[in-house]
Amino acid sequence: MDKITFLLSEGLKNLWRHKLTAFTSIFSIFLTLTVAGSLLIVSGNTERIIEYLRDKYKIEVFFKQNISDKRIQEISKEFKSIRGVRSTTVITKTDAKKIFKSQFGEDILNLVGYNPLPASCVINLVKEQKNKLNIRPIVDRIRKFSEVDEVNYQGRLINRIETAYQSFVKVSVVLLIIILVVSVLIISNTVRLTIYAKKELIKSFQLVGATRSFIKTPFILEGVFHGLIGAFIASLLLYGSLEFSSGFILSLTGLIIDFSFFNLLFLLSSLGIVISFLGSSRAISQFLK
């Protein structure tokens, strides 16, 4: 117990003893975790935006004339069984006539003497899907029905949105990895300065038979404390920024940014501990070779 208390106290004392190097390390971790936290928040909420946009995706299917309402209902059920289709809504010729009158204020029968408006079906696509939503196979299946006359959909727009989302996810992952690697190197070099400042003490420990783990632990704990402090400051900054801007984002887009301070603090603290541990371990291991 005394050994653990000594190691913890040495790790904490090193924060004060090496204020400049500690500030450099904490600041670099703070910047890293701020960027990482921003990417995590944006990535998580971008998925919700994609789901919102997918909810607006529509495929309009127009049927040929003289197709019975019963057959249209049967085809609609078959559409619903296609993979990627969430729901279908049938608009009969009578419904189309009512819609025309509500939009234009005229009865189509009085204008042309008969109802030329075709029956149709509005198809809504799935919105909760991790992978890119490929609409082409759905449209191809629909066009195979002999009763279908025309299919309208915003294929290019849907493809661009899905492609942009997938590209964003890939770029975010690569950028996050690069940031973490750079942060580990910065922390490693910062801790190394502290180690060199205490190299005589470390040699004394080695001469009296101190184990490698006993020598390494205070420096690793010092790095972990750096990570925790940097994570706490980054979490506060991101939480305050989101609280300040969430109302504006809601009024502008109608979307609520989903975030929790404690979840954010847990994620960033975990990241901070990992990169600090790796950086500190790397520095002290190289010194003790």
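At-a-glance table
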item	result
Length released on extending from Thr46 to Asn152, taking residue separation times 0.36 nm less the Cα-Cα span	35.5 nm
Förster-model FRET efficiency, 30 Å R0, Gln166 and Arg143, C-beta, rounded to 0.05	0.70
For peptides 218-229, 175-186, 68-79, 261-272, sequence by mean Cβ density within 10 Å, most packed first	218-229, 261-272, 175-186, 68-79
Listed residue (Ala36, Tyr52, Thr94) projecting farthest to the positive dipole end of the stretch 15-106, Cβ model	Thr94
Efficiency of FRET between Leu53 and Leu237 - r from beta-carbon atoms, R0 45 angstrom, step 0.05	0.95
Rounded to the nearest 20 debye, dipole of the stretch 58-153 from Cβ charges on Lys, Arg, Asp, Glu	540
Label-point gap, in nm, between Ser270 and Glu106 - each point 7 angstrom along Cα→Cβ	6.3
Violating pairs (Cα-Cα greater than 24 angstrom) within the set Lys58/Lys97; Lys77/Lys101; Lys97/Lys144; Lys101/Lys127	Lys77/Lys101; Lys97/Lys144; Lys101/Lys127
For peptides 277-285, 101-109, sequence by mean Cβ density within 10 Å, most packed first	277-285, 101-109
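A short reminder: the numbers here are calculations on the coordinates, not readings from a lab. Keep in mind that what you see is a predicted model, and the values were worked out from it rather than measured. All Cβ positions, even for glycine, are placed from backbone atoms using ideal geometry, and neighbour counts span all protein chains on display.
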